[in-house]
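Enquirer: Can you keep this structure in mind? I'll have questions shortly.
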Amino acid sequence: MAMILARKLLQRRSPQLLRWQSSFPQAAVKNDVASRASAELELPPFDYAPPPYSGPSGDEILAKRREYLSPSLFHFYKNPLNVVEGKKQYLFDEKGKRYLDAFGGIATVCCGHCHPDVVDAIINQTKRLQHSTVLYLNHAIADFAQALASKLPGNLKVVFFTNSGTEANELAIMIARLYTGCHDIISLRNAYHGNAAGTMGATAQSIWKFNVVQSGVHHVVNPDPYRGIFGSDGEKYARDVQDVINFGTSGNVAAFISEAIQGVGGIVELAPGYLPAAYSMVKKAGGLCIADEVQAGFARIGSHFWGFESHGVVPDIVTMAKGIGNGIPLGAVVTTPEIAEVLTRRCYFNTFGGNPVCTAAGLAVLKVIEKEKLQQNALLVGSYLKERLTALKDKYELIGDVRGRGLMLGVELVADRELKTPAKAETLHVMDQMKELGVLIGKGGYYGNVFRITPPLCFTKEDADFLADAMDLTLSRM
Ligand code: PMP
């Protein structure tokens, strides 16, 4: 009787969850496997234990946040995590518990938490000088600009530094408008490009987007191979770009902006052939092509240093942030000398964009990526992890899609594979359970049902196994 009541209650609260559960009659057997595996599941050994933490507790911090910080601030997990230390691909909470950080690589630390080379660069520069970017000469900004330009193809040789990805995209859009004399911007549905008025206008994602109306911004069909109507046929999706140019503008546009793999949008790899076709249409309409590399850049996708390279295109403007400074607020816009020239028509400057401390950090990051062969590692470990996650897809109906490249991977949960019904509640549940097992992953996607696995690039094969085992165990228990 109690079972029937519980089932009825559950059905009312989450019919999807119930439907999904009943598709696994062998749950009892799996639970048995699960309890055995639980005892064996251990994080790879790590030769560091943090000193005891004596600061305020998570509850105290949460109370202060609620009182003094924006009510829009959100946190992951039912019991939010109070992280007090980070080393390489690991984080430690207030009790000294270690977690595998499989998300922080994109948010901040491309080459690992508190990398000593980056920390040293920041400390040494801070001790010598911190100043604004404008007014005087200093070698840090020039050295980093030179090193960064050497990583980009063609004539992409002029760097403007900013403090964030939002600023970088705002500047890129402004440069495109000034250079072309046009106003219209084309961006993809499901994109995320920042949180200021212009970039919020170019952003087209449901829960992230405020209705900041920006005149002249057009959102075209997303070339999403999993959910899109044309599957993996990129050229068919690109026809919408031409339609927008023909019927939504005067025939000329200022710019087309897109990521190569949508990050916040749920690790959506643009369908092959889309970017070359779209770039060609936009160029014919006199527009510039902006590649937002805030997430996919800096060796993350493994096969290439920049995401756009995997599509065989060369943009007119590239924007970057996040991993560029391994946690230091830094962003950049790189373009050609000819396009950069437009900003000389007036006085343009950014007080802190490219300051000595941040650019010293940026240079150190580039050196670490090379020295530790992190691009090769992203390819090797990322491919291995993708194989393991794909094997989980064969085992669990709940996984609708596994995608991405290198260490930028996505796992989409669906309650029904045929209908692709987003399994949002299950996504939250799995995330929470994996955290209890010691693995932190992110989530995103149009419906918030995609795990984002984007660890620091020093992630190892053992870490990949631990993550996949923890996901396996969690799914087997559901
Ligand atoms: N572009 C992309 C692709 C992003 O993912 C983000 C941040 N999530 C931004 C731009 C904005 O960067 P920031 O938060 O540093 O302003």
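Throughout, read-outs are computed from the coordinates displayed, never taken from laboratory work. Fair warning: this is a prediction, and the values are worked out from it, not measured in the lab. Note: ideal-geometry Cβ built from the backbone for every residue, glycine included; neighbour counts use all protein chains shown.
Enquirer: Can you give me the Rg/Rh ratio for region 116-371, using Cα atoms for both radii and the Kirkwood formula for Rh?
Expert: 0.97
Enquirer: Dividing the Cα convex hull volume of region 58-128 by residue count, how many Å³ per residue is that?
Expert: Considering the Cα atoms of region 58-128, their hull volume per residue is 139 Å³.
Enquirer: Out of residues 5 or more away from Lys88 or on other chains, whose amide H comes under 5 Å of its own, with H placed 1.01 Å from N in the peptide plane?
Expert: Those qualifying (amide H under 5 Å, at least 5 residues apart or on another chain) are His113.
Enquirer: 5 Å is the cut-off here: which amide hydrogens, built 1.01 Å from N in the peptide plane, fall below it relative to Val439, excluding neighbours closer than 5 in sequence?
Expert: Under 5 Å from the amide H of Val439: Leu100.
Enquirer: Hey, another quick one. Would you kindly derive the ³J(HN,Hα) couplings of region 152-157 from the backbone phi angles with the Karplus curve 6.51 cos²θ - 1.76 cosθ + 1.60 (θ = phi - 60°), listing them in order in whole Hz, with x for Gly and Pro?
Expert: 9, x, x, 9, 6, 10
Enquirer: Okay, moving on. Using the Karplus curve 6.51 cos²θ - 1.76 cosθ + 1.60 with θ = phi - 60°, what ³J(HN,Hα) values do you get for each residue of region 174-181, in whole Hz, with x for Gly and Pro?
Expert: The phi angles translate into 5, 4, 4, 5, 5, 5, 8, x Hz.
Enquirer: Considering only DSSP beta bridges with both partners in region 116-371, what is the antiparallel share in %, to the nearest 5?
Expert: Of the beta bridges lying entirely in region 116-371, close to 45 percent run antiparallel.
Enquirer: Let me ask you something else. Say a site is exposed when it is one of the GluC sites (Glu not before Pro), sits in a DSSP loop, and has at most 10 other Cβ atoms within 10 Å; what is then the longest site-free stretch of the chain?
Expert: Within the chain, the longest run free of exposed GluC sites (Glu not before Pro) spans 43-417.
Enquirer: Once you have a ≥ b ≥ c as the square roots of the Cα gyration tensor eigenvalues for region 120-196, tell me rounded if a/c is under 1.5, and otherwise prolate or oblate according to whether a/b is larger than b/c.
Expert: prolate
Enquirer: For region 248-335, what class follows from the C-alpha gyration tensor (a ≥ b ≥ c being the square roots of its eigenvalues): rounded when a/c is under 1.5, otherwise prolate if a/b is larger than b/c, else oblate?
Expert: prolate
Enquirer: Each residue of region 41-54 in turn: what ³J(HN,Hα) in whole Hz from Karplus with 6.51, -1.76, 1.60 and θ = phi - 60°, glycine and Pro shown as x?
Expert: Per-residue couplings from phi come out as 6, 10, 4, x, x, 8, 8, 7, 10, x, x, x, 9, 10 Hz.
Enquirer: Is there a quick way to get the dipole size of the chain? I mean about its Cα centre, with the Cβ of Lys and Arg at +1 and of Asp and Glu at -1; what is the value in debye to the nearest 20?
Expert: The dipole magnitude comes to about 740 debye.
Enquirer: Moving on to the next point. Could you pull out every residue, at least 5 positions away or on a different chain, whose amide H is within less than 5 Å of the one on Ala423? Hs are placed 1.01 Å off N in the peptide plane, and Pro or chain starts have none.
Expert: So Ala423 has HN proximity to Leu413, Val414, Ala415.
Enquirer: On to the next question. Projected area of the chain, taken from the Cα convex hull and averaged over every viewing direction, in nm²?
Expert: Projected over every direction and averaged, the Cα hull of the chain covers 24.5 nm².
Enquirer: Place a +1 charge on the Cβ of each Lys and Arg in region 116-371 and a -1 charge on the Cβ of each Asp and Glu, then give the dipole magnitude about the Cα centre in debye, rounded to the nearest 20.
Expert: The calculated dipole for region 116-371 is roughly 320 debye.
Enquirer: For region 195-267, what log10 I(q)/I(0) values come out of the Debye formula at q = 0.14, 0.17 1/Å, with one point per alpha carbon and no solvent?
Expert: Taking Cα atoms of region 195-267 as identical point scatterers yields -0.50, -0.74.
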